[in-house]
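Okay, structure first, notes after.
The values are calculated or read from the model by the stated rules, or taken from the named source; none is laboratory data. Everything numeric in this text was worked out from a predicted model, so none of it was measured. Note that each Cβ is placed from the backbone with ideal geometry, even for glycine, and that neighbours are counted across all protein chains shown. For the accessible areas, the whole protein counts, side chains as well, though only heavy atoms, and no ligand, DNA or RNA atoms are used. Shrake-Rupley method; radii C 1.70, N 1.55, O 1.52, S 1.80 Å.
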Amino acid sequence: MVSNIFTSEGRNNVRLIEVILDDKNLNEAVKRVKRNKGVAGVDKMIVYEIDTYFQNNKERIKKEILEKKYRPQPIATGELKLPISGYVHMMKAFERMVCEAAVTGNRDLAVTALNMDLLCQIDHDANIVIDELIEAHKDYLPQFKQS
């Protein structure tokens, strides 16, 4: 865990990208991919090649991301079937709502986003989950003020 994830302007301004790109966090992400036995993606890289690739390219990728020059390669899939396309759009909307809720501290938006999840579509349950998440991570989520 990064010891100080907040900017000098105060605890409400999180340097999120720096937290994400922290070596400890990235190394944990690589371990999880390997532990989950991730399959080769569009780059055809197998999970056992990720260590070498990451050692050789991590700093370049981090620098490109921080300088806003990193460009992930598009995936040519052709047209998606309607059920898949609909699911992708729903997940993207969910992700945007979660990000906005996290940045703004909008608890209602966080609950609405969670209600979109197929595993938690009952408002009462979503409220309980959000309250528990905010309480468990209150040191890192000062933008969510408990009323």
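Just to be sure I understand the filter: pairs with C-beta atoms under 7 Å, separated by 6 or more residues or on different chains, first member in the range 114-136 and free of Cβ contacts under 8 Å to residues at least 12 places away in the same chain, second member open to solvent by less than 70 Å² (accessible area, probe 1.4 Å) and polar (S, T, N, Q). Which pairs pass?
121/115
Only one of 63, 138 is out of contact with any Asp or Glu (no Cβ under 9 Å at 6 or more places or on another chain) and either exposed (fewer than 10 other Cβ atoms within 10 Å of the Cβ) or under 23 Å from residue 33 (Cβ atoms) (or both); which? Break it down into steps so the answer makes sense when it comes.
Working: 138 fails: either exposed (fewer than 10 other Cβ atoms within 10 Å of the Cβ) or under 23 Å from residue 33 (Cβ atoms) (or both).
Of 63, 138, the one residue that is out of contact with any Asp or Glu (no Cβ under 9 Å at 6 or more places or on another chain) and either exposed (fewer than 10 other Cβ atoms within 10 Å of the Cβ) or under 23 Å from residue 33 (Cβ atoms) (or both) is 63.
When you go through 140, 53 one by one, which is the residue that is touching a residue at least 60 places away in the same chain (Cβ under 8 Å) and closer than 25 Å to residue 25 by Cα?
Only one candidate qualifies: 140.
In the set 133, 114, 141, 118, which member is in a loop (DSSP other than H, G, I, E, B) and over 19 Å from residue 15 (Cβ atoms)? Spell out the reasoning first.
Values: 133 fails: in a loop (DSSP other than H, G, I, E, B); 114 fails: in a loop (DSSP other than H, G, I, E, B); 141 fails: over 19 Å from residue 15 (Cβ atoms).
Residue meeting the stated conditions: 118.
Could you count how many residues in the range 98-111 are open to solvent by 40 Å² or more (accessible area, probe 1.4 Å) and over 20 Å from residue 15 (Cβ atoms)?
Residues flagged as open to solvent by 40 Å² or more (accessible area, probe 1.4 Å) and over 20 Å from residue 15 (Cβ atoms) within the range 98-111 amount to 3.
Assuming residue 94 fulfils every condition listed in (1) of a type in the set (Phe, Trp, Tyr); (2) open to solvent by 90 Å² or more (accessible area, probe 1.4 Å); (3) under 17 Å from the mean Cα position of the chain (by Cα) apart from one, which condition is it?
Here residue 94 meets the rest and fails (2).
List the number of the failed condition for residue 17; all other conditions in (1) modelled with pLDDT of 85 or more; (2) surrounded by 10 or more Cβ atoms within 10 Å (Cβ to Cβ); (3) in a helix (DSSP H, G or I) hold.
Among (1) modelled with pLDDT of 85 or more; (2) surrounded by 10 or more Cβ atoms within 10 Å (Cβ to Cβ); (3) in a helix (DSSP H, G or I), the lone unmet condition for residue 17 is (1).
With the requirement that a residue be surrounded by 13 or more Cβ atoms within 10 Å (Cβ to Cβ) and either assigned to a loop (DSSP other than H, G, I, E, B) or modelled with pLDDT of 90 or more (or both), what does the range 29-60 give you?
38, 45, 58
From (1) modelled with pLDDT under 85; (2) under 17 Å from the mean Cα position of the chain (by Cα); (3) open to solvent by 80 Å² or more (accessible area, probe 1.4 Å), pick out the condition that doesn't hold for residue 147.
Unmet condition: (2).
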